1. Compute, for the chain, the length of the dipole vector about the Cα centre, with Cβ point charges of +1 (Lys, Arg) and -1 (Asp, Glu) only. Units Debye, rounded to 20.
2. Between residue 112 and residue 66, what FRET efficiency follows from the Cβ-Cβ distance if R0 is 30 Å, with the result rounded to 0.05?
3. Modelled label-to-label distance, residue 31 and residue 190, 7 Å Cα→beta-carbon offset: nm?
4. List the residues, sorted by chain then number, that are 5 or more residues from residue 122 or on another chain and whose placed amide H is less than 5 Å from its amide H.
5. Taking the dipole about the Cα centre of region 65-129, with the C-beta of Lys and Arg at +1 and of Asp and Glu at -1, give me whichever of 76, 100, 129 is farthest to the positive side.
6. Please report the carbon-and-sulfur percent of the accessible area for the chain; probe 1.4 Å, protein heavy atoms only, DNA, RNA and ligands left out.
7. Could you work out how far apart the two model spin labels at residue 16 and residue 167 are, taking each label as a point 7 Å from the Cα in the direction of the beta carbon, and quote it in nm?
8. Using a cut-off of 15 Å between beta-carbons, work out the net charge of the residues near residue 185 (Lys and Arg +1, Asp and Glu -1, residue 185 not included).
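The values are calculated or read from the model by the stated rules, or taken from the named source; none is laboratory data. Computed from a predicted structure; not experimentally measured. Note that we place each Cβ from the backbone using ideal geometry, even for glycine, and neighbour counts take in every protein chain shown. Areas reflect the complete protein model, heavy atoms only, side chains present, ligands, DNA and RNA absent. Shrake-Rupley method; radii C 1.70, N 1.55, O 1.52, S 1.80 Å.
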Amino acid sequence: MATATEAQAPRTQTARAPFDLTVDLFSRMVEADLLPRDRRVFLFNGRLYEKMAKTRAHGSVGGGVNMALALRLPKGWGLWPEATVVLDSINAPLPDFAVVRSGDLQGRVAPDRYPGPGDVGLLIEVAVTSLRDDLTTALEQYARALIPVYWVVDVTGRRVLVHADPRVVDGRGGYARVESFGPGQSLPLVLDGREVARVPFDEILR
(Lines give C-alpha, C1' and ligand atoms only; values in the text may rest on other atoms or scores of the structure.)
Protein backbone atom coordinates (compact mmCIF):
# COMPACT_ATOMS: atom_id res chain seq x y z
CA MET A 1 0.00 0.00 0.00
CA ALA A 2 1.33 3.40 -0.86
CA THR A 3 1.85 5.88 1.95
CA ALA A 4 1.97 9.67 1.98
CA THR A 5 5.72 9.61 2.51
CA GLU A 6 6.58 7.59 -0.58
CA ALA A 7 8.10 9.47 -3.50
CA GLN A 8 5.77 9.79 -6.47
CA ALA A 9 6.93 8.83 -9.96
CA PRO A 10 7.76 11.93 -12.02
CA ARG A 11 5.02 12.97 -14.45
CA THR A 12 5.84 12.67 -18.10
CA GLN A 13 5.65 16.07 -19.76
CA THR A 14 4.42 16.22 -23.32
CA ALA A 15 6.75 17.62 -25.96
CA ARG A 16 3.85 18.88 -28.06
CA ALA A 17 2.61 22.43 -27.94
CA PRO A 18 0.64 24.55 -30.41
CA PHE A 19 2.72 26.80 -32.64
CA ASP A 20 1.09 30.15 -33.31
CA LEU A 21 1.73 31.69 -36.70
CA THR A 22 2.45 35.39 -36.87
CA VAL A 23 1.30 37.71 -39.63
CA ASP A 24 4.91 37.89 -40.83
CA LEU A 25 5.14 34.10 -41.21
CA PHE A 26 1.70 33.96 -42.78
CA SER A 27 2.69 36.62 -45.30
CA ARG A 28 5.90 34.79 -46.21
CA MET A 29 3.96 31.55 -46.68
CA VAL A 30 1.56 33.30 -49.06
CA GLU A 31 4.34 34.97 -51.05
CA ALA A 32 6.25 31.67 -51.30
CA ASP A 33 3.17 29.87 -52.69
CA LEU A 34 3.01 27.56 -49.68
CA LEU A 35 -0.72 28.26 -49.38
CA PRO A 36 -3.01 27.56 -52.35
CA ARG A 37 -3.90 30.85 -54.00
CA ASP A 38 -7.36 29.60 -54.91
CA ARG A 39 -8.27 29.03 -51.24
CA ARG A 40 -9.69 31.80 -49.05
CA VAL A 41 -7.34 31.34 -46.12
CA PHE A 42 -6.99 33.78 -43.22
CA LEU A 43 -5.19 34.01 -39.88
CA PHE A 44 -7.23 33.97 -36.66
CA ASN A 45 -5.47 33.97 -33.29
CA GLY A 46 -2.37 32.45 -34.85
CA ARG A 47 -4.22 29.64 -36.65
CA LEU A 48 -5.06 29.21 -40.34
CA TYR A 49 -8.73 28.96 -41.30
CA GLU A 50 -10.64 28.88 -44.57
CA LYS A 51 -13.75 30.96 -45.18
CA MET A 52 -16.98 29.16 -45.98
CA ALA A 53 -18.31 29.07 -49.53
CA LYS A 54 -20.54 31.99 -50.53
CA THR A 55 -24.25 31.46 -51.03
CA ARG A 56 -25.99 32.91 -54.08
CA ALA A 57 -27.53 35.61 -51.88
CA HIS A 58 -24.10 36.51 -50.48
CA GLY A 59 -22.69 36.97 -53.99
CA SER A 60 -25.65 39.04 -55.14
CA VAL A 61 -25.64 41.36 -52.13
CA GLY A 62 -21.86 41.63 -52.32
CA GLY A 63 -22.25 42.90 -55.88
CA GLY A 64 -24.67 45.54 -54.62
CA VAL A 65 -22.25 46.67 -51.91
CA ASN A 66 -19.43 46.88 -54.45
CA MET A 67 -21.38 49.04 -56.91
CA ALA A 68 -22.97 51.27 -54.27
CA LEU A 69 -19.71 52.13 -52.51
CA ALA A 70 -17.35 52.30 -55.48
CA LEU A 71 -19.42 55.15 -56.94
CA ARG A 72 -19.24 57.22 -53.76
CA LEU A 73 -15.72 56.91 -52.40
CA PRO A 74 -13.78 60.18 -52.34
CA LYS A 75 -10.32 60.55 -53.78
CA GLY A 76 -7.70 58.84 -51.65
CA TRP A 77 -9.84 55.82 -50.74
CA GLY A 78 -10.30 52.46 -52.44
CA LEU A 79 -12.68 49.51 -52.06
CA TRP A 80 -10.92 46.19 -51.41
CA PRO A 81 -13.15 43.11 -51.77
CA GLU A 82 -12.12 40.17 -49.58
CA ALA A 83 -8.49 41.23 -49.15
CA THR A 84 -6.28 40.55 -46.14
CA VAL A 85 -6.32 43.17 -43.40
CA VAL A 86 -3.89 42.96 -40.47
CA LEU A 87 -5.40 43.67 -37.05
CA ASP A 88 -2.43 42.65 -34.88
CA SER A 89 0.53 40.25 -34.92
CA ILE A 90 -1.59 37.06 -35.04
CA ASN A 91 -4.83 38.16 -36.72
CA ALA A 92 -5.23 38.81 -40.44
CA PRO A 93 -8.86 38.32 -41.47
CA LEU A 94 -10.50 38.46 -44.89
CA PRO A 95 -13.44 40.84 -44.42
CA ASP A 96 -15.92 40.84 -47.27
CA PHE A 97 -15.08 44.48 -48.02
CA ALA A 98 -12.60 47.03 -46.71
CA VAL A 99 -12.46 50.72 -47.53
CA VAL A 100 -8.76 51.41 -47.46
CA ARG A 101 -6.72 54.57 -47.64
CA SER A 102 -4.83 54.67 -50.93
CA GLY A 103 -1.20 55.76 -51.09
CA ASP A 104 1.53 53.14 -51.12
CA LEU A 105 -0.94 50.24 -50.75
CA GLN A 106 -2.77 50.74 -54.03
CA GLY A 107 -1.58 50.79 -57.62
CA ARG A 108 1.73 49.08 -56.88
CA VAL A 109 2.83 45.71 -58.21
CA ALA A 110 4.25 44.54 -54.88
CA PRO A 111 3.36 46.62 -51.81
CA ASP A 112 5.53 45.69 -48.85
CA ARG A 113 2.68 45.17 -46.36
CA TYR A 114 -0.99 44.45 -45.88
CA PRO A 115 -3.26 47.30 -44.81
CA GLY A 116 -3.52 47.73 -41.05
CA PRO A 117 -6.04 49.46 -38.78
CA GLY A 118 -4.61 52.89 -39.55
CA ASP A 119 -5.28 52.36 -43.27
CA VAL A 120 -8.89 51.23 -42.85
CA GLY A 121 -11.86 53.56 -42.76
CA LEU A 122 -14.62 50.95 -42.91
CA LEU A 123 -14.98 47.16 -42.80
CA ILE A 124 -18.08 45.36 -44.09
CA GLU A 125 -19.30 41.81 -43.57
CA VAL A 126 -22.22 40.36 -45.55
CA ALA A 127 -24.12 37.96 -43.29
CA VAL A 128 -26.32 35.23 -44.75
CA THR A 129 -25.37 32.33 -42.46
CA SER A 130 -22.63 34.09 -40.45
CA LEU A 131 -24.61 36.73 -38.54
CA ARG A 132 -23.79 35.36 -35.08
CA ASP A 133 -20.03 35.35 -35.75
CA ASP A 134 -20.13 38.73 -37.47
CA LEU A 135 -21.84 40.29 -34.44
CA THR A 136 -19.64 38.61 -31.83
CA THR A 137 -16.18 37.31 -32.77
CA ALA A 138 -15.57 39.58 -35.76
CA LEU A 139 -17.09 42.63 -34.07
CA GLU A 140 -14.93 42.18 -30.96
CA GLN A 141 -11.76 41.80 -33.05
CA TYR A 142 -12.48 44.81 -35.23
CA ALA A 143 -13.36 47.02 -32.28
CA ARG A 144 -10.28 45.89 -30.34
CA ALA A 145 -8.16 46.93 -33.35
CA LEU A 146 -10.02 50.29 -33.28
CA ILE A 147 -11.49 49.92 -36.76
CA PRO A 148 -13.55 53.13 -36.78
CA VAL A 149 -16.68 51.92 -38.59
CA TYR A 150 -18.04 48.41 -39.11
CA TRP A 151 -21.09 47.49 -41.19
CA VAL A 152 -22.91 44.15 -40.97
CA VAL A 153 -25.29 43.56 -43.86
CA ASP A 154 -27.92 41.22 -42.39
CA VAL A 155 -29.40 39.71 -45.55
CA THR A 156 -32.08 37.58 -43.87
CA GLY A 157 -33.14 40.37 -41.52
CA ARG A 158 -33.08 42.97 -44.34
CA ARG A 159 -31.13 45.50 -42.37
CA VAL A 160 -27.64 47.00 -42.21
CA LEU A 161 -26.13 47.48 -38.76
CA VAL A 162 -23.68 50.37 -38.63
CA HIS A 163 -21.23 50.23 -35.71
CA ALA A 164 -19.09 53.22 -34.76
CA ASP A 165 -16.98 54.60 -31.90
CA PRO A 166 -14.84 51.56 -31.02
CA ARG A 167 -13.85 51.05 -27.39
CA VAL A 168 -11.61 48.60 -25.52
CA VAL A 169 -12.69 47.77 -21.97
CA ASP A 170 -10.80 45.17 -19.92
CA GLY A 171 -9.05 44.00 -23.06
CA ARG A 172 -12.25 43.39 -25.03
CA GLY A 173 -13.43 45.45 -27.95
CA GLY A 174 -16.90 46.81 -28.56
CA TYR A 175 -18.66 49.67 -30.32
CA ALA A 176 -20.37 52.40 -28.34
CA ARG A 177 -22.85 53.24 -31.10
CA VAL A 178 -24.89 51.00 -33.39
CA GLU A 179 -27.66 52.04 -35.78
CA SER A 180 -29.96 49.86 -37.85
CA PHE A 181 -30.96 50.90 -41.38
CA GLY A 182 -33.68 49.39 -43.54
CA PRO A 183 -35.55 49.81 -46.84
CA GLY A 184 -36.05 53.38 -47.99
CA GLN A 185 -33.27 54.75 -45.75
CA SER A 186 -29.73 55.80 -46.56
CA LEU A 187 -26.56 54.90 -44.67
CA PRO A 188 -23.93 57.50 -43.76
CA LEU A 189 -20.56 56.74 -45.34
CA VAL A 190 -18.15 58.08 -42.73
CA LEU A 191 -14.39 58.20 -43.34
CA ASP A 192 -11.91 59.85 -41.00
CA GLY A 193 -14.81 60.94 -38.81
CA ARG A 194 -16.54 62.85 -41.61
CA GLU A 195 -19.63 61.91 -43.58
CA VAL A 196 -18.59 61.88 -47.23
CA ALA A 197 -21.75 60.42 -48.82
CA ARG A 198 -25.09 58.73 -48.22
CA VAL A 199 -25.57 55.17 -49.50
CA PRO A 200 -29.16 54.14 -50.31
CA PHE A 201 -30.08 50.91 -48.53
CA ASP A 202 -32.00 49.76 -51.60
CA GLU A 203 -28.83 49.76 -53.69
CA ILE A 204 -27.30 47.24 -51.27
CA LEU A 205 -30.32 45.04 -50.52
CA ARG A 206 -32.81 45.27 -53.34
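1. Details: 25 positive and 25 negative charges, 69 e Å.
So the dipole magnitude of the chain works out to roughly 320 debye.
2. Working: r = 27 Å, r/R0 = 0.89.
After rounding, the FRET efficiency stands at 0.65.
3. Placing both labels 7 Å along Cα→Cβ, they lie 3.6 nm apart.
4. 99
5. 76
6. Working: 6390 of 11950 Å².
The value for the chain is 53 percent carbon and sulfur by accessible area.
7. Placing both labels 7 Å along Cα→Cβ, they lie 4.3 nm apart.
8. On the way: positive: 158, 159, 198, 206; negative: 154, 179, 195, 202, 203.
Around residue 185, the charge tally is -1.
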